[in-house]
Amino acid sequence: MKQHRTNYGIDAPMVPILYVLVGCSALCISVIELIHDQKSGYWILIYALFMLSGGGFHLHTSLRGKFLIWSNVFAELKLPENARILDLGCGHGAVLIKAAKFLGGSGEAVGVDLWRKVDQSGNDMHATEKNALIENVSNKIQLITADMTELPLQEESFDFIFSSLAIHNIKSKEGRDDALREATRVLKPGGTLIIADISKTKEYMRTLQSLSFKNLSRQNTGWIGWWTGPWLSTYLIKATKAKNNL
């Protein structure tokens, strides 16, 4: 029988391609320089290794690191089987499908995305559906094409909202604020919001504080979440929506 395997794509695929191409080019130039006893060859070699390691870190985090981060999240969270979950910017479903595996018959995981290939290689609703089928969770998920700044979802209808490496793709601060306000609107009072992202996380914290979230925390996930290096780390934000009249 043919073995089917999930495919979760590569985040920001042009980044590792550029890093590897520039790194390989610099490596070739450094070899030529060193053959001709040019001391500049050593500096070019250092630059080449820097670029290649950056591309390597990006690929590691995209293909393995982010999965480890969310595995740790779910290990601590202990999702109820009847939970209703929303994944903002679900992409190929890495977080959505992992969450769906914890759910029972009455639970549901909803994924929202615009399916932009610039954000993730091969990003397409059908690819996510295929991954869900392979992982045997097709009956537990629903996929919606929508902008996270204007969700076609009912107010206070989700127990948990997750977002992995997606909100920063919204270019304007107003748009990112709108996304967080929409998440707040559809999250139940007392519900949990967890965001993993690489930039603007301090901004998210300020916005969530203004939206009266409680128990806010922001944590650097360490080297497993490095995108090209420690200067571009993944941060994990956890927050609880305040209950009504509290």
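Summed over all non-identical Cα pairs, the Kirkwood treatment of the stretch 21-76 gives a radius of 12.9 Å. Pairs of Lys residues in the stretch 109-213 that lie 8 or more places apart, or on two chains, and have C-alpha atoms under 14 angstrom apart add up to 4. I'd like the trypsin sites (Lys or Arg not before Pro) in the stretch 140-179 restricted to DSSP loop residues with at most 12 other Cβ atoms within 10 Å, sorted by number. Qualifying residues, ordered by number: Lys171.
With K and R counted +1 and D and E -1, the other residues having a Cβ less than 15 Å from that of Trp70 yield a net charge of +1. Computed over protein heavy atoms with a 1.4 Å probe, the accessible surface of the chain works out to 52 Å² per residue.
Note on the chain: with neighbouring protein chains present and a 1.4 Å probe, carbon and sulfur make up 57 percent of its accessible heavy-atom surface.
Of the GluC sites (Glu not before Pro) found in the stretch 171-246, not one falls in a DSSP loop while having at most 10 other beta-carbon atoms within 10 Å. Annotation note: chymotrypsin sites (Phe, Trp or Tyr not before Pro) in the stretch 186-240 located in DSSP loop regions with a Cβ neighbour count of at most 13 within 10 Å are Trp231. So if I take the centroid of the Cα atoms in the stretch 117-176 and the same for the stretch 1-73, what is the distance between those two points in Å? Rounded to whole Å, the Cα centres lie 28 Å apart. Between 0 and 90 degrees, the angle of helix 66-77 with respect to the longest Cα principal axis of the chain falls at about 30 degrees.
In the list (1) 0.96; (2) 1.05; (3) 0.93, the label attached to Rg/Rh (Cα atoms, Kirkwood Rh) as derived from the coordinates here is (2).
Once the dipole of the stretch 1-91 is set up with Lys and Arg at +1 and Asp and Glu at -1 on Cβ about the Cα centre, which of Asn7, Val31, Ile46 lies farthest towards its positive end? It is Asn7.
Against the chain, whose longest principal axis comes from its Cα atoms, helix 40-60 is set at around 20 degrees. Relative to the longest principal axis of the Cα atoms of the chain, the long axis of helix 14-35 lies at roughly 20 degrees.
Taking all protein chains together and rolling a 1.4 Å probe, His126 ends up with roughly 130 Å² accessible.
Once all protein chains are placed together, Glu81 keeps about 120 Å² accessible to a 1.4 angstrom probe. Taking all protein chains together and rolling a 1.4 Å probe, Leu45 ends up with roughly 50 Å² accessible.
The values are calculated or read from the model by the stated rules, or taken from the named source; none is laboratory data. Worth saying up front: this structure is predicted, and the values here are computed from it rather than measured. Positions of Cβ are backbone-derived with ideal geometry, glycine not excepted, and every protein chain shown enters the neighbour counts. These area figures cover heavy atoms from the full protein model, side chains too; ligands, DNA and RNA do not enter into them. Shrake-Rupley method; radii C 1.70, N 1.55, O 1.52, S 1.80 Å.
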